[in-house]
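K.L.:
Let me give you the structure first, and then I'll get to my questions.
A short reminder: the numbers here are calculations on the coordinates, not readings from a lab. Not measured: the values here are computed from a predicted model. Glycine gets a Cβ as well: all are built from the backbone with ideal geometry, and neighbour counts include every protein chain shown.
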Amino acid sequence: MLLVKRAVQAAVRTNHCRSFSASQTHLNQRKGLVLGVFEKEGEEGSLHLTEAAAGFDQTLSGKLSELLKISGPAIKKGKSRIFYGLHEDFPCVAVVGLGKNSVGVCGAENWDTSKENIRQAVSAGCRSLQDLEVNHVEVDGCGDAQSAAEGAVLGLFQYDQLKSKKKTKVTAQLHGSADPGWEKGVLYAEGQNLARMLMEAPANHITPTAFANTIEEKLAPHAERVTVNKRSQAWIEEQQMGAFVSVSKGSEEPPVFLELHYNGSPDSKQAPLVLVGKGITFDSGGISLKPSSSMDAMRADMGGAATVCASIVTAAALKLPVNIIGLAPLCENMPSGKATKPGDVVTAKNGKTIQVDNTDAEGRLILADALCYGHVFNPRAIVNVATLTGGILVYVSAFKSPVLTNGVVVTGDRVWRMPLFQHYTRQVTDSQLADLNNIGKYSRSGGACTAAAFLREFVTAHHWAHLDIAGVMSNKDEIPYLRKGMSGRPTRTLVEFAAGLAHHG
């Protein structure tokens with residue numbers, strides 16, 4: 001028995017494993033299966049198979065259960081173990097740890113731990129099979145097919161379009177009976193992957209014009225419900241968007257004001273949700289030039305526009321019964337002889353003058369004009385999304401984004417009332433030359449709230465929220481099922497918010 005156990009352990013590895021022969025790898029390991037196991041409550045080291053895993057085990061007369069017992073320690077949450085040759089249809093089977101089945105929603109953070117565990121585990125299993133050059137994977141729904149689909153599709157994403165050596169392209173499908181949650185999860189994840197692709201691509205590939213063309217192409221299959229307007233520089237100037245124009249002046253790339261209308265509600269008169277996204281396709285800082293270190297990451301300074309537009313693509317694919325308007329002012333922020341200089345005064349669409357003391361605080365300038373324009377549509381609510389301030393990390397970790405509104409300020413489990421805004425408003429209205437100053441007096445520690453107070457000067461709608469997503473622009477290891485790189489967050493959150501409005505008002 002000891003010899004058998006050692007032989008099995010030699011053939012089974014956690015997260016890294018070799019097949020029995022090179023020829024078998026080449027010929028057979030093209031299709032794989034991901035199955036889940038839970039930790040048994042109160043029984044350390046014991047595992048409980050999911051319904052799909054138990055069914056698969058039954059077809060093997062309990063062989064999978066037996067191998068799990070003798071192949072090493074119990075599989076930890078988010079880890080995977082690969083077995084070979086168990087089933088002729090699946091030369092490779094990845095069993096993944098889902099953690100405890102009893103975990104649920106964290107009340108303070110409104111965070112569903114069980115869903116996150118599924119995403120993390122399924123992602124680990126799919127990547128393990130991808131590393132073995134498996135190109136098609138069937139995935140256990142693990143009790144929540146939507147989360148499983150999100151874990152698979154998000155976990156397999158890799159931006160390698162510009163590399164000669166690419167990762168194996170893997171297609172994923174639900175194992176077993178059909179579940180509408182799977183298709184929903186695929187659409188949610190593909191939406192976030194679209195945002196990740198736009199944010200990760202180099203700035204010479206995703207210019208304002210290229211960005212707008214990409215979104216137009218993605219929305220083409222939904223033309224009966226969607227209108228795309230790519231507004232030119234002449235239109236921007238006609239709209240008297242002086243703040244937006246002032247940022248774009250230094251670049252050779254022409255600005256684009258991208259306007260998307262998704263008409264999903266059966267009631268054509270339903271007031272729309274307006275989403276506004278900051279679209280700086282490259283941010284050098286302008287005349288207030290940034291340090292060269294990590295400046296390459298500023299190709300993703302259009303993360304707000306990317307997530308807003310990707311969420312509308314997803315809403316259209318889901319056919320959500322809600323009207324949404326997406327606004328994305330797109331331009332580069334570059335230094336040149338034509339660029340706006342520190343101390344210049346510009347006039348926004350609503351007539352307010354702005355003293356630009358720092359050209360690297362440009363996102364709030366282009367958002368100001370877009371927010372003014374958004375009121376034209378009599379929205380039910382306005383939500384703007386922007387990689388606005390590095391100072392946001394003073395308030396929250398890189399794991400989350402705060403929401404600042406004209407009602408309350410929400411950061412995780414903390415809720416602050418509006419006197420906080422009133423305090424910072426005094427800073428942005430204290431300008432020597434104009435109505436407003438684009439940076440105020442506060443240092444980095446107060447910069448996030450100063451920026452939000454600035455934006456509020458351009459909002460008259462009763463329901464407005466500002467998401468500063470600078471802290472979640474990229475992913476290192478905060479979200480295990482996202483590879484290192486640009487995160488595409490919070491695309492799924494925006495889709496879920498729109499779906500909530502559609503179904504609950």
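K.L.:
Can you tell me the 0 to 90 degree angle between the C-alpha axis of helix 363-374 and the longest principal axis of the chain, rounded to 10?
P.N.:
So the inclination is approximately 80 degrees.
K.L.:
Quick check: from the Cα gyration tensor, does the range 282-340 come out rounded (a/c under 1.5), prolate or oblate? Present the calculation step by step, with values, prior to reporting the outcome.
P.N.:
Details: a/c = 5.61, a/b = 2.51, b/c = 2.23.
The shape class here is prolate.
K.L.:
Taking the chain as the reference, fit the longest principal axis to its C-alpha atoms, fit the long axis of helix 208-219 to the helix C-alpha atoms, and give the angle between the two in degrees, 0 to 90, nearest 10.
P.N.:
50
K.L.:
Considering the dipole of the range 31-178 built from charges on the beta carbon (Lys and Arg +1, Asp and Glu -1) around the Cα centre, which of Ile70, Leu98, Asn135 is farthest to its positive end?
P.N.:
Asn135
K.L.:
For the chain, find the longest principal axis of its Cα atoms and tell me its angle to the long axis of helix 113-131, 0 to 90°, nearest 10.
P.N.:
That works out to roughly 70 degrees.
K.L.:
Under 5 Å between amide H atoms, partner at least 5 residues away or on a different chain: which partners does Leu174 have, H built in plane at 1.01 Å?
P.N.:
Residues meeting the criterion, in which the H sits 1.01 Å from N, are Val139.
K.L.:
Still on this structure: I need the peptides 203-210, 171-178 ranked by packing, meaning the mean over residues of other C-beta atoms within 10 angstrom, with the highest value on top. Don't jump to the answer; show the numbers that get you there.
P.N.:
Values: 203-210: 18.6, 171-178: 15.4.
Most protected by this proxy first, the peptides run 203-210, 171-178.
K.L.:
Using the Karplus curve 6.51 cos²θ - 1.76 cosθ + 1.60 with θ = phi - 60°, what ³J(HN,Hα) values do you get for each residue of the range 342-356, in whole Hz, with x for Gly and Pro?
P.N.:
The phi angles translate into x, x, 5, 10, 10, 10, 7, 4, 8, x, 6, 8, 10, 7, 8 Hz.
K.L.:
Mind ranking 367-374, 491-498 by how tightly packed they are, going by the mean number of other C-beta atoms within 10 angstrom, highest first?
P.N.:
On the way: 367-374: 26.8, 491-498: 22.1.
Per-residue mean Cβ counts within 10 Å order the peptides as 367-374, 491-498.
K.L.:
Please list the non-local residues whose amide H lies under 5 Å from the amide H of His48, H modeled 1.01 Å from N, same-chain partners needing a gap of 5 or more.
P.N.:
Those lying under 5 Å, H to H, from His48 are Phe38, Glu39, Lys40.
K.L.:
Once you sort the root eigenvalues of the Cα gyration tensor of the chain as a ≥ b ≥ c, which label holds: rounded (a/c under 1.5), prolate (a/b larger than b/c) or oblate (the other case)? Write down the numbers at each step before the final one.
P.N.:
Details: a/c = 2.17, a/b = 2.11, b/c = 1.03.
Cα axes put the chain in the prolate bin.
K.L.:
Continuing with this model, one more query. Using each residue's phi in the range 320-329, evaluate 6.51 cos²θ - 1.76 cosθ + 1.60 at θ = phi - 60° and report the 3J(HN,Hα) Karplus result to the nearest Hz, with x for Gly and Pro.
P.N.:
Listing the rounded values in order: 4, x, 8, 9, 10, 10, x, 10, 9, x Hz.
K.L.:
Please label the shape of the range 31-178 as rounded, prolate or oblate, based on the square roots a ≥ b ≥ c of the eigenvalues of the alpha-carbon gyration tensor (a/c under 1.5 means rounded; beyond that, a/b larger than b/c means prolate, else oblate).
P.N.:
On the way: a/c = 1.79, a/b = 1.13, b/c = 1.59.
Since a/c reaches 1.5 but b/c is at least a/b, the shape of the range 31-178 is classed as oblate.
K.L.:
Also: By DSSP, what percent of the beta bridges with both residues in the chain are antiparallel, rounded to the nearest 5? The partial results should precede the final answer.
P.N.:
On the way: 42 of 78 bridges.
Roughly 55 percent of the DSSP beta bridges within the chain come out antiparallel.
K.L.:
Can you work out the Karplus-derived ³J(HN,Hα) for every residue in the range 88-101? Use 6.51 cos²θ - 1.76 cosθ + 1.60 with θ = phi - 60°, whole Hz, and x for glycine or proline.
P.N.:
So the J values, rounded to whole Hz, are 5, 7, 10, x, 10, 10, 9, 9, 10, x, 9, x, 7, 6.
K.L.:
Here is a follow-up. Given the pairs Lys278/Lys338; Lys69/Lys169; Lys69/Lys100; Lys218/Lys349; Lys163/Lys476; Lys184/Lys269, which span a C-alpha to C-alpha distance of over 25 angstrom in this model? Walk me through the numbers on the way to the answer.
P.N.:
Values: Lys278/Lys338 22 Å; Lys69/Lys169 32 Å; Lys69/Lys100 18 Å; Lys218/Lys349 30 Å; Lys163/Lys476 21 Å; Lys184/Lys269 27 Å.
The answer is Lys69/Lys169; Lys218/Lys349; Lys184/Lys269.
K.L.:
Quickly rank 349-361, 54-66, 305-317 as a protection proxy: mean count of other C-beta atoms within 10 Å, highest first. All intermediate terms of the calculation are to be shown ahead of the outcome.
P.N.:
Values: 349-361: 19.3, 54-66: 14.8, 305-317: 29.6.
My ranking of the peptides, most packed first, is 305-317, 349-361, 54-66.
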